[in-house]
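The values are calculated or read from the model by the stated rules, or taken from the named source; none is laboratory data. Please read all numbers here as calculations on a predicted model, not as lab measurements. So basically every Cβ, Gly included, is an ideal-geometry build from the backbone, and we count neighbours across all protein chains shown.
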2 protein chains.
Amino acid sequence: MRDEEKYTNTEEQLLYLQKLLDEEDTDALNELFQELDILAIARTLESFPAKTRDLLWDYIPDDVLGEVLAEVDEDIRADYIEDLSASDVEQIVRGLDAQEVAEVLDVADEEIKTTVYASLDQEIRAQVENLHAYEDDVVGRYMDPETVNVKQGVSLEAVQRYIRIHHLLDDESQQIMITDKDKRLLGTLSLIDLIKQPQEAVVDDYMDDFFTLNDQMKVSDAAALLRSKELHFVPVCDSDGLLVGQLNAADVLEITQDDADMTLKHMSGVSDEEEVFTPIARSAKSRGIWLGINLLTAFLAAFVIGQFEAVLDQIVALAILMPVVASMGGIAGSQTLTVVIRGLALGQLAGNNKRWLYNKELWVGMSNGLVWALVVGGISYLWFSDLLITLVITLAIFINMSLANLSGVLIPLVLKRLQIDPALSGAVILTTVTDVVGFLSFLGLATLIIL
Amino acid sequence: MRDEEKYTNTEEQLLYLQKLLDEEDTDALNELFQELDILAIARTLESFPAKTRDLLWDYIPDDVLGEVLAEVDEDIRADYIEDLSASDVEQIVRGLDAQEVAEVLDVADEEIKTTVYASLDQEIRAQVENLHAYEDDVVGRYMDPETVNVKQGVSLEAVQRYIRIHHLLDDESQQIMITDKDKRLLGTLSLIDLIKQPQEAVVDDYMDDFFTLNDQMKVSDAAALLRSKELHFVPVCDSDGLLVGQLNAADVLEITQDDADMTLKHMSGVSDEEEVFTPIARSAKSRGIWLGINLLTAFLAAFVIGQFEAVLDQIVALAILMPVVASMGGIAGSQTLTVVIRGLALGQLAGNNKRWLYNKELWVGMSNGLVWALVVGGISYLWFSDLLITLVITLAIFINMSLANLSGVLIPLVLKRLQIDPALSGAVILTTVTDVVGFLSFLGLATLIIL
């Protein structure tokens, strides 16, 4: 049995690896990398900054280097391939399957690509060229072109014999394709049925209902579909309905990031690609853009405050309490926004449901708004002993929190309709709304009531 | 081939369903639910508020009701089971496997549980009781107790025959367990090898390295492991090393929410369980708690501002620009926080890497801080034509953004060490820091320089 520790990317493991690196214990490092599987090596490389990572490459056994490269993040793969000669790359892709070769060559420059192409075994080359002929955001680009195909009317026993004679079924095959003479897909047969059903029966008797993807479908849509159907493998057909390969869910989920992860990053103003070990310059630049957008919001809020110089000049308590109003609205709004964006991602929002949701959020906003408005009012009264200020802040909190919840529903739904990613711009628009409404209602009411 | 539309939870599908409900077209509704598979029905139920959902239950065909119940969110399952009699539940669990029965009975009250237990087939009952004997957060509770076990030295041909004679291998089986006479696991055999390898060979020749889980392991840890290793099925052993079942990744990923999804909710102050269709009262309560915590932060910031009444009273421009400082720090900090929390979740942060990360974030913070401090300073000068105010806000933005980035690293790392979920409290602590540092540096510098 394998030792569990060696196969997980734990803090202890990273510390151990760092210790070996510090001690330059090359024997132990070589041994460690011999024992790690491909996934573990890839995850380890992703857990170090570029400088350390460059040291680690040398310890990866040559026979798995290609598979590791096909597995790591694209950025890291590109950084590594950049420094290699064409003959290095030829060496690396030897023995890889078409999908893996395509991944590696994707990040190589044209010259290397051409040279390596020429060195490939003819069948693999044809498959790689075929994969590369697809745009890099469609299903065809990421499918496994090799499937096990059998004709109708064949017995299960014959299928099994055919597989053994031709050494078919690689690690990723999970279904047998039943096709007609034109390679039109008629059905699929699961490996489970192939084993458990009477061997003299014909494949037709155990054909499953099946679901196919078009090779030109956007890979992100395909990922969402596979996730919602919990499918691991799906046949891929071209627009003529002919079988061209199968899509392995693991390959797609790897390239299309987890939806919640993307939402999280977008809502916090972090780009899709940013990881802990993204280099400083790249991080600073991608985050800087978002900071610039936020600055517009912040100055818009400042402009609104600026309209109320008169009242602020008279009553300094308003300046002190002002951020409380904006902050409570901001939190209430972002709670709603998060729930609605997740609901949209899960495809739960349509028609009547939207009306139900407006209604819900209005009630949640008003009830929490009422409770916290009274609390804030109470604290403000204890602090400043001023009934008018208390009245103004109580009303402003209630208004801002109620509107914040409605905006939390309205903004993502409108953005979705405009085909803008609600996670990406929803948070900044919402903050603008809660800041502006917060300052406007608080200082506006103060001007009306107190001044 | 099945019609794609019917199997995805699209907006069109929800609208169509709502139309049928509005028209009370029971025939069409019955027909629609006949065609949907179990997953699709479960996801559909999750896409409606409780009131509409209650109408939908009636259209679910009796023969899939049990499986649908085992599949939907626990809240929804509990709501439905609540209103049923023991004999209704008996009916529902008939034909379900032990795992599904355990899920359904989990939400039933003790009385119904006892009655239904008594009605179960003896083998299933023993399995269900065994599952229920585990705590509800450990692997043993969610495993499939039925595995296909064979002895060493048996030929592949014999294994295949054994499976066919005894009708073994259900839809979820993906590996054959090779055990000794005490049920100690010796290895696993993949279905692929069972088919493709020479049938006269013995199972010993194709035993895979395997990885097992202990039945008492926390299910959330198991989910993280299965995800990082991309495993779909793992044998489960008890503390004596004896095989007790297998864990299906799909079952675990269903109950332990996606990590990024949880992080997103925690960072926005939304509870784990909240979905779009969570009832109003429950949403209001769980969000209210978070709003209360935020209020402490907001008043702390107000208190800091309050310390500078003197300078605010003299220069109203400070009150106008004040939120800009806090806002830029808040965004910069939450960008860092998001990246660091994801890095922690992926197990990428240990030892030297942390030092590298502090260094990176300090540089990112200072470089973006410098750029945006100058921009804000410039705009402020254009607005107020006051060199001292310009100087104060430029310095304050630079200080707040640099410290925000360092706090974005420090806060989650410290919280992790204290075994507190960094996503849950990280955001609120960070906001406190960026607000307090922002107001303190801005108004403090103003007092020093201008007053």
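Residues satisfying the criterion are present in segment B:195-218 (criterion: within 8 Å of another protein chain (Cβ to nearest Cβ) and outside any loop (DSSP other than H, G, I, E, B)).
Residues in segment A:409-423 that are surrounded by fewer than 21 Cβ atoms within 10 Å (Cβ to Cβ) and closer than 15 Å to A:Thr263 by Cβ were compared, and the one that is nearest to the other protein chains (Cβ to nearest Cβ) is A:Lys416.
Report, by residue number, each residue of segment B:174-226 that is farther than 19 Å from A:Asp193 by Cβ, buried (at least 17 other Cβ atoms within 10 Å of the Cβ) and charged (D, E, K, R). The answer is B:Asp215, and nothing else.
If you scan segment B:53-105, which residues turn out to be assigned to a helix (DSSP H, G or I) and among the basic types (Lys, Arg)? Selection gives B:Arg53, B:Arg77. How many residues are under 16 Å from A:Leu247 (Cα atoms) and in a strand (DSSP E or B) when one looks only at segment A:138-166? Matching residues across segment A:138-166 total 4. The residues of segment A:152-173 that are closer than 21 Å to A:Cys237 by Cβ and surrounded by fewer than 16 Cβ atoms within 10 Å (Cβ to Cβ), listed by number, are A:Gln152, A:Asp170. Taking the conditions (1) modelled with pLDDT of 90 or more; (2) at the interface with chain A (Cβ under 8 Å from one of its Cβ atoms) in turn, B:Ser47 satisfies each one other than (1). Tell me which residues, restricted to segment A:275-296, are of a type in the set (Val, Ile, Thr) and at the interface with chain B (Cβ under 7 Å from one of its Cβ atoms). Result: A:Val276, A:Ile280.
Taken as a whole, the condition of being crowded, with 16+ Cβ neighbours inside 10 Å and of a type in the set (S, T, N, Q) does not apply to B:Ser239. Criterion applied to A:Gly351, A:Gly292, A:Gly347 was being assigned by TED's automatic domain parsing to the domain that holds A:Leu403, within 19 Å of B:Val325 (Cα to Cα) and touching a helix residue (DSSP H, G or I) at 6+ places or on another chain (Cβ under 8 Å), and the one residue passing it is A:Gly292.
The residues listed here are A:Val414, A:Val433; of these, the one that is in contact with a helix residue (DSSP H, G or I) (Cβ under 6 Å, 6 or more places away or on another chain) and aliphatic (A, V, I, L, M) is A:Val433. Could you go through segment B:426-438 and let me know if any residue there is out of contact with any strand residue (DSSP E or B) (no Cβ under 8 Å at 6 or more places or on another chain), modelled with pLDDT under 95, surrounded by fewer than 20 Cβ atoms within 10 Å (Cβ to Cβ) and more than 22 Å from B:Ser327 (Cα to Cα). The answer is no, given that none of the residues of segment B:426-438 is out of contact with any strand residue (DSSP E or B) (no Cβ under 8 Å at 6 or more places or on another chain), modelled with pLDDT under 95, surrounded by fewer than 20 Cβ atoms within 10 Å (Cβ to Cβ) and more than 22 Å from B:Ser327 (Cα to Cα). Counting the residues of segment B:343-374 that are under 25 Å from A:Gly330 (Cα atoms) and more than 7 Å from chain A (Cβ to nearest Cβ) gives 3. For A:Glu67, the requirement of being within 14 Å of chain B (Cβ to nearest Cβ) and closer than 29 Å to A:Gln34 by Cβ is met.
Search segment B:300-326 for residues being free of Cβ contacts under 8 Å to residues at least 60 places away in the same chain and within 44 Å of the chain's Cα centre (by Cα), and hand back the single one that is farthest from the other protein chains (Cβ to nearest Cβ). Among those residues, the one meeting the criterion is B:Phe303.
Being of a type outside the set (A, V, I, L, M), in contact (Cβ under 8 Å) with a residue 40 or more places away in the chain and assigned by TED's automatic domain parsing to the domain that holds A:Asp63 is a description that does not apply to A:Gln91.
Test A:Val433 against the criterion of being away from chain B (no Cβ under 11 Å), in a helix (DSSP H, G or I) and not aromatic (Phe, Trp, Tyr), and give yes or no. Against the criterion (away from chain B (no Cβ under 11 Å), in a helix (DSSP H, G or I) and not aromatic (Phe, Trp, Tyr)), A:Val433 qualifies. Residue count for segment A:167-184, restricted to those that are more than 31 Å from the chain's Cα centre (by Cα) and either within 11 Å of chain B (Cβ to nearest Cβ) or assigned to a strand (DSSP E or B) (or both): 5.
Selection over segment A:236-264 of residues that are assigned to a loop (DSSP other than H, G, I, E, B), more than 11 Å from the chain's Cα centre (by Cα) and more than 10 Å from chain B (Cβ to nearest Cβ) gives a count of 3. Scanning segment A:384-394 for residues that are in a helix (DSSP H, G or I) and touching a residue at least 24 places away in the same chain (Cβ under 8 Å) gives A:Phe384, A:Leu388, A:Ile389, A:Leu391, A:Val392, A:Ile393.
Yes or no: segment A:384-401 includes at least one residue that is closer than 19 Å to B:Ser286 by Cβ and assigned by TED's automatic domain parsing to the domain that holds A:Val316. Yes, there is a match, as at least one residue in segment A:384-401 is closer than 19 Å to B:Ser286 by Cβ and assigned by TED's automatic domain parsing to the domain that holds A:Val316. Taking the stated definitions as given, is B:Ala108 outside the structural domain of B:Met177 (by TED's automatic domain parsing) and in a loop (DSSP other than H, G, I, E, B)? Judged against the criteria, B:Ala108 is a match. Checking each residue in segment B:66-89 for being more than 26 Å from the chain's Cα centre (by Cα) and buried (at least 17 other Cβ atoms within 10 Å of the Cβ) picks out B:Ala86, B:Val89. For segment B:28-43, a tally of residues being touching a Leu at 6+ places or on another chain (Cβ under 9 Å) and modelled with pLDDT of 90 or more returns 6.
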